[in-house]
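The values are calculated or read from the model by the stated rules, or taken from the named source; none is laboratory data. Computed from a predicted structure; not experimentally measured. Don't worry about glycine lacking a Cβ; one is built from the backbone with ideal geometry, like all the others, and counts go over all protein chains shown. Quick note on the areas: whole protein, heavy atoms, side chains included, nothing else; ligands and nucleic acids left out. Shrake-Rupley method; radii C 1.70, N 1.55, O 1.52, S 1.80 Å.
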Amino acid sequence: MAIREILKLPDPRLKQVSAPVERFDEALRAFIADLEETRQAGPAAVGIAAPQVGHFQRIVILDCSTTRKPVPNHGHLVLVNPEITEWDGYEIGREGCLSVPDYTGNVIRATRIHLKARDARGEPLEFDMEGFEARAAQHEIDHLDGLLFVDRVVSRRTDLFRRKVYQKGGRKKAEEA
Ligand code: NI
């Protein structure tokens, strides 16, 4: 296993659209192990997407089980080729991102989603998600389409906030994705 380097804004590779995974093989599972190690090595992000480490396949890891507030969630998830098939409601919330270390931002997301994906062995998965987990899933899937939360804020002037300190493993950790 190895910790990968995280691409950061304004790296143009973050705008690249990732390709679907076609082979559910050992190479895929080895990459997922690296992605998980990288997620845990930094400020313990609730999510990470493959293109954030320069690997342009549709792979996301989510884990909203360690957030400060008790929120409904499905624990640790590896989502390959994730797809949101239903959206319901919307709400504004603050987001951070490993690829945007200097800012957080207010972003409008669907409150509830239905999500389909495959696991690391190609087995189908389906989830109904809400609240923070739904937000994190939408944020991560955006990465697969070359979008960052800073592309989603209504106004860069009023909805982006400079971080005072980026605390490794600190209080802000639940907001990274
Ligand atoms: Ni992110």
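Below, the figures for the structure above:
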| read-out | value |
| --- | --- |
| Of all residues making up segment 74-90, the number that are at negative phi and either open to solvent by 70 Å² or more (accessible area, probe 1.4 Å) or among the small types (Gly, Ala, Ser) (or both) | 7 |
| Residue check for Arg94: basic (Lys, Arg), open to solvent by 20 Å² or more (accessible area, probe 1.4 Å) and within 14 Å of the ligand (Cβ to nearest atom) | yes |
| Selection from segment 44-57 of residues that are open to solvent by less than 10 Å² (accessible area, probe 1.4 Å) and more than 18 Å from Arg13 (Cα to Cα) | Ala45, Val46, Gly47 |
| Residue among Asp119, Asp128 that is in contact with a Leu (Cβ under 6 Å, 6 or more places away or on another chain), away from the ligand (no atom under 16 Å from the Cβ), modelled with pLDDT of 95 or more and farther than 14 Å from Gly47 by Cβ | Asp119 |
| Residue among Val100, Val153, Val71 that alone is of a type outside the set (Ser, Thr, Tyr), more than 16 Å from the chain's Cα centre (by Cα), within 16 Å of the ligand (Cβ to nearest atom) and open to solvent by less than 60 Å² (accessible area, probe 1.4 Å) | Val153 |
| Hits in segment 56-79 (condition: in contact with a helix residue (DSSP H, G or I) (Cβ under 6 Å, 6 or more places away or on another chain) and farther than 16 Å from Met129 by Cα) | Gln57, Arg58, Ile59, Arg68 |
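Quick grid of which residues meet (1) over 24 Å from Gln40 (Cβ atoms); (2) charged (D, E, K, R); (3) in contact with a Pro (Cβ under 6 Å, 6 or more places away or on another chain):
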{"site": "His55", "(1), (2), (3)": "no, no, no"}
{"site": "Ile61", "(1), (2), (3)": "no, no, no"}
{"site": "His74", "(1), (2), (3)": "no, no, no"}
{"site": "Glu95", "(1), (2), (3)": "no, yes, no"}
{"site": "Leu98", "(1), (2), (3)": "no, no, no"}
{"site": "Asn106", "(1), (2), (3)": "yes, no, no"}
{"site": "His143", "(1), (2), (3)": "no, no, yes"}
{"site": "Gly146", "(1), (2), (3)": "yes, no, no"}
{"site": "Ser155", "(1), (2), (3)": "yes, no, no"}
